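Note sheet for the following structure.
The values are calculated or read from the model by the stated rules, or taken from the named source; none is laboratory data. These numbers were taken from a predicted model, which means no experiment stands behind them. Every residue, glycine among them, receives a Cβ derived from its backbone with ideal geometry; neighbour counts consider all protein chains shown. What goes into the accessible areas is simple: the full protein's heavy atoms, side chains included, and nothing from ligands, DNA or RNA. Shrake-Rupley method; radii C 1.70, N 1.55, O 1.52, S 1.80 Å.
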Amino acid sequence: NTLRQATLIVNNVSKMILTGKTTLANFPKSHSVPYQYYAGRLQIVAGRYDEAEDTLMFALRNCPVDILTNRRQILRVLIPCKMVRGVLPTLTLLHEHNLKQFEDISRAVRTGDVRLYNKSINAYRAKFVSMGTYFLMERLRYLVYRMMFKRVYLIRMSELPADSKKRNRMRIQDLVSV
């Protein structure tokens, strides 16, 4: 319901900006920040992650520092958007804004821990669905697998001599044993 209303508002304001009737700078920050937040959420739904990240970053930069609930709300959408692009949040940021739902997932992406990733996704599935970021979080699965393959490859290569012809090959047993 909120996204439907946001769609109407974002589309109307976007038309005004595109036709040159106004600019975003003409609006007070109390209006432009929520506009950019909802525009970013809509861009995520449309799969335009680069644009979503830009608009959400604008919203975060212009949101007053002392309005923690709004900053947290923006971060709950911005963090998954950045994670999909390979930019992982720091633990300090997550603790500072009480965003525990991203801690284990971030750790799983960093280490390639598929079991931790699955456990975290299952634990916070309802929260991710309600935030509208569940599909973004599911896309992180590929990053977790990629990191797991990379770690297995590096371990395997460290066991082989440098001049071995098998350095570019991985055995299925190596992956299955993970």
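Summary of values
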{"item": "Selection within the range 41-55 - open to solvent by less than 70 Å² (accessible area, probe 1.4 Å) and either among the aliphatic types (A, V, I, L, M) or not in a loop (DSSP other than H, G, I, E, B) (or both)", "result": "R41, L42, Q43, I44, A46, Y49, A52, E53, T55"}
{"item": "Enumeration of residues in the range 71-100 that are in contact with a Phe, Trp or Tyr (Cβ under 8 Å, 6 or more places away or on another chain) and open to solvent by less than 80 Å² (accessible area, probe 1.4 Å)", "result": "Q73, I74, V77, I79, P80, C81, M83, V84, P89, L94"}
{"item": "From M83, M57, residue being out of contact with any His (no Cβ under 8 Å at 6 or more places or on another chain) and within 19 Å of H31 (Cα to Cα)", "result": "M57"}
{"item": "Test: residue in the range 144-157 that is of a type in the set (D, E, K, R), at pLDDT below 75, open to solvent by 80 Å² or more (accessible area, probe 1.4 Å) and over 30 Å from N98 (Cα atoms)", "result": "no"}
{"item": "Residue within the range 103-125 that is among the aromatic types (F, W, Y), in contact with a Lys or Arg (Cβ under 7 Å, 6 or more places away or on another chain) and crowded, with 18+ Cβ neighbours inside 10 Å present", "result": "yes"}
{"item": "Any helices (runs of 4 or more DSSP H) falling wholly within the range 56-130 and containing at least 3 residues that are closer than 18 Å to I44 by Cβ and not acidic (D, E)", "result": "68-84"}
{"item": "Pairs with Cβ under 7 Å, 6+ apart, first in the range 86-108 and under 10 Å from L75 (Cβ atoms), second assigned to a loop (DSSP other than H, G, I, E, B)", "result": "F102/P89"}
{"item": "First in the range 63-74 and closer than 15 Å to S32 by Cα, second anywhere and modelled with pLDDT under 90 and assigned to a helix (DSSP H, G or I), Cβ under 6 Å, 6 or more apart", "result": "C63/V33"}
{"item": "Subset of the range 30-50 that is over 19 Å from the mean Cα position of the chain (by Cα) and hydroxyl-bearing (S, T, Y) - its residue that is farthest from F135 (Cα to Cα)", "result": "S30"}
